[in-house]
1. Just a yes or no: is a residue in region 39-49 at positive phi, at pLDDT below 95 and within 16 Å of the ligand (Cβ to nearest atom)?
2. I'd like to check something: does region 29-36 contain any residue that is assigned to a strand (DSSP E or B) and touching a Gly at 6+ places or on another chain (Cβ under 9 Å)?
3. Tell me which of these Glu23 doesn't satisfy, since it passes every other one: (1) within 8 Å of the ligand (Cβ to nearest atom); (2) assigned to a helix (DSSP H, G or I).
4. For region 39-59, what are the residues that are closer than 19 Å to Glu21 by Cα and exposed (fewer than 12 other Cβ atoms within 10 Å of the Cβ)?
5. Being part of a loop (DSSP other than H, G, I, E, B), modelled with pLDDT of 95 or more and surrounded by fewer than 16 Cβ atoms within 10 Å (Cβ to Cβ) is the requirement here; does Lys13 meet it?
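The values are calculated or read from the model by the stated rules, or taken from the named source; none is laboratory data. It should be emphasised that the depicted structure is a prediction, and the values quoted were computed from it without experimental measurement. Please note: Cβ atoms are built from the backbone with ideal geometry, for glycine as well, and neighbour counts cover all protein chains shown.
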Amino acid sequence: MPYGEYAQCPCCKKTAYDKDEIEKEFGYRNVGDGRHIPQSYCRKCRSAGCEAGKPCKVK
Ligand SMILES: [Zn+2]
């Protein structure tokens, strides 16, 4: 996934295609060296407590 271009949630498959949408739907995290990359899971999946390998809890 090219960071900063788009983000796709591996759980619910939600995709965001620009910075504003990524910020809104995924949020960024600081990786510690000055870069911010999109969260891999969208906000909804993270708040729903979705985990890799388990069914998505977001409807
Ligand atoms: Zn999701």
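1. Quick first cut of region 39-49, residues at positive phi only: 49.
Filter again for at pLDDT below 95, leaving none.
No; the residues of region 39-49 include none that is at positive phi, at pLDDT below 95 and within 16 Å of the ligand (Cβ to nearest atom).
2. Looking only at region 29-36, we keep the residues that are assigned to a strand (DSSP E or B), and these are 29-30, 36.
Now drop any that are not touching a Gly at 6+ places or on another chain (Cβ under 9 Å), which leaves 36.
Scanning region 29-36, I find at least one residue that is assigned to a strand (DSSP E or B) and touching a Gly at 6+ places or on another chain (Cβ under 9 Å), so the answer is yes.
3. Going through (1) within 8 Å of the ligand (Cβ to nearest atom); (2) assigned to a helix (DSSP H, G or I) one by one, Glu23 breaks only (1).
4. Ser47
5. The answer is yes for Lys13.
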